[in-house]
Amino acid sequence: MTKPSAPLAVLLSPRRSVVEAASAVGASTLVLAPDLSKPGVREAVEAADEAMTVEWRDHSRLMMSIGHLGDLPARISVFGFAEASALAAARANEALRFPGNPHAAVAYLTDKAALRGKVNQLTGAPVRFEHCDRAARLEAAALRVGFPCVAKPRTGFGGQDVHLLRDVADVAFLAAGLPPEPALIVEEFLEGPEYSVTAHSRAGAHTVLAVSRKYPSASGVAADRETGYDLPAELDPETTTQIHQLVVATLNTAGHRSGPSQTEVILTPAGPRLVESHAHPGDERISDLLLLARGIDLAALTIASALHLPPPIDQPRERYAGIRQLRLPPGVLVAVDGIDEALALPGVTGVEISVPLGGHVPETTSRVAGHGCVTAVTDGPPELEAVLRKAQDALRPVVVPVSSNEEEHSAA
């Protein structure tokens, strides 16, 4: 049992590394998840002081489970490091008067249309956009924005269900598969390299921790090229300053006060433009790269800040870390040769295959970026690119093609 007076981090479906980070800064840990036996959560539970099965997406159930914590003489906060859990945590903290980011700020960042409109007014970096709440009105909205344009959910994240519309035919195809009343935003296609900006805020002061180069750009459509991140990105000082200013303006606009944030930016010929922003670290792999390259544990920093604990002792370093998604051919995965060979390369820190042996390889889409990944850290960008390429080349997946009849039978 946790001590009644000890600072307590209530963690909603965390990774094991988040539990370990909380413990490292001196907090007791309570893990809440709908299914404590789920892979990933199970490992987090093993490292936690306590755990409870709670459907935390249901606010009333969450309050029934942790409402009594408000009576304890301890510094307590609820933490969520993903889209849904960050929103649930903010609402719980507000209800129990625990420290944390305002619920309204987290909700504001989830609404792309509201954020886009406000940022357009305040930053001098406008992006054309239209609301679209009827599938029948998608063509009119796209024509007003102009082709090419992008249609995506107002409250989506992680590049999911993002569609590049090049012409009216693309619009008609997308509209045919939509529900009658989709909640979409249609906005101009931003041409240029994409960057992911990781920041941490405390009492409304925002510190940019790193700018990562993201591959590919924000069309949201799986491309026949590499996907992944490089951290830090290679940028000149003026561009770096412009990106920082846009991120700070975006967070201020939303009322973001504390904790991590992840903001996507595209560097257009007219300068950086906002794609979207979130009150959580974004892709968990960026946090891994931040620790590898800069020695900054974002989860530990966030938890220590909220609970007024001594900040983690970082191990400052100036290295370059990167990750590349692996793409396997369609079929059934029988084996992956060369994993030990790839791991033996200097700088490679991990090789992950997400498709189980004997499993069908899913098609790469905006929801499935790849079928695993390779991670590496080096002293410079050229070395990083070289070792990532060597590691990818070392892997030799054995995939047995399946006929269309077999795929249909498997799906059934």
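Of all the residues in segment 294-330, those that are assigned to a loop (DSSP other than H, G, I, E, B) and surrounded by fewer than 22 Cβ atoms within 10 Å (Cβ to Cβ) number 18. Of the residues making up segment 323-342, not a single one is more than 29 Å from ASP161 (Cβ to Cβ) and either at pLDDT below 90 or within 23 Å of the chain's Cα centre (by Cα) (or both). The residue of segment 27-41 that is nearest to LEU309 (Cα to Cα), among those that are exposed (fewer than 15 other Cβ atoms within 10 Å of the Cβ) and not polar (S, T, N, Q), is GLY40. Mind listing whichever residues of segment 384-412 are modelled with pLDDT of 90 or more and either in contact with a His (Cβ under 9 Å, 6 or more places away or on another chain) or crowded, with 16+ Cβ neighbours inside 10 Å (or both)? LEU384, GLU385, VAL387, LEU388, LYS390, ALA391, GLN392, ALA394, LEU395, PRO397, VAL399 - these are the residues of segment 384-412 that are modelled with pLDDT of 90 or more and either in contact with a His (Cβ under 9 Å, 6 or more places away or on another chain) or crowded, with 16+ Cβ neighbours inside 10 Å (or both). Across segment 362-379, the number of residues qualifying as open to solvent by less than 20 Å² (accessible area, probe 1.4 Å), in contact with a strand residue (DSSP E or B) (Cβ under 6 Å, 6 or more places away or on another chain) and at pLDDT below 95 comes to 3. Taking the criterion of being open to solvent by 40 Å² or more (accessible area, probe 1.4 Å) and part of a loop (DSSP other than H, G, I, E, B), the only residue of segment 194-212 that qualifies is ALA203. Selection of segment 277-331 for residues being of a type in the set (Val, Ile, Thr) and touching a residue at least 60 places away in the same chain (Cβ under 8 Å) yields ILE286, ILE296, THR302, ILE303, ILE323. Among the residues of segment 244-293, count how many are part of a helix (DSSP H, G or I), β-branched (Val, Ile, Thr) and either closer than 11 Å to THR198 by Cβ or in contact with a Ser or Thr (Cβ under 9 Å, 6 or more places away or on another chain) (or both). Number satisfying all stated conditions: 4.
Based on what the data block shows, is ALA24 of a type in the set (A, V, I, L, M), open to solvent by 50 Å² or more (accessible area, probe 1.4 Å) and within 14 Å of ILE303 (Cα to Cα)? Spelling it out, ALA24 is indeed of a type in the set (A, V, I, L, M), open to solvent by 50 Å² or more (accessible area, probe 1.4 Å) and within 14 Å of ILE303 (Cα to Cα).
Being small (Gly, Ala, Ser), under 29 Å from HIS371 (Cα atoms), in a loop (DSSP other than H, G, I, E, B) and modelled with pLDDT of 95 or more is not true of ALA223. Looking only at residues that are small (Gly, Ala, Ser) and at pLDDT 95 or above in segment 3-15, which one is surrounded by the fewest Cβ atoms within 10 Å (Cβ to Cβ)? My answer is SER13.
The values are calculated or read from the model by the stated rules, or taken from the named source; none is laboratory data. Just so we're clear, the structure is a prediction, and the values are computed from it rather than from any experiment. Glycine gets a Cβ as well: all are built from the backbone with ideal geometry, and neighbour counts include every protein chain shown. These accessible areas exclude ligands, DNA and RNA; they are computed on the full protein's heavy atoms, side chains included. Shrake-Rupley method; radii C 1.70, N 1.55, O 1.52, S 1.80 Å.
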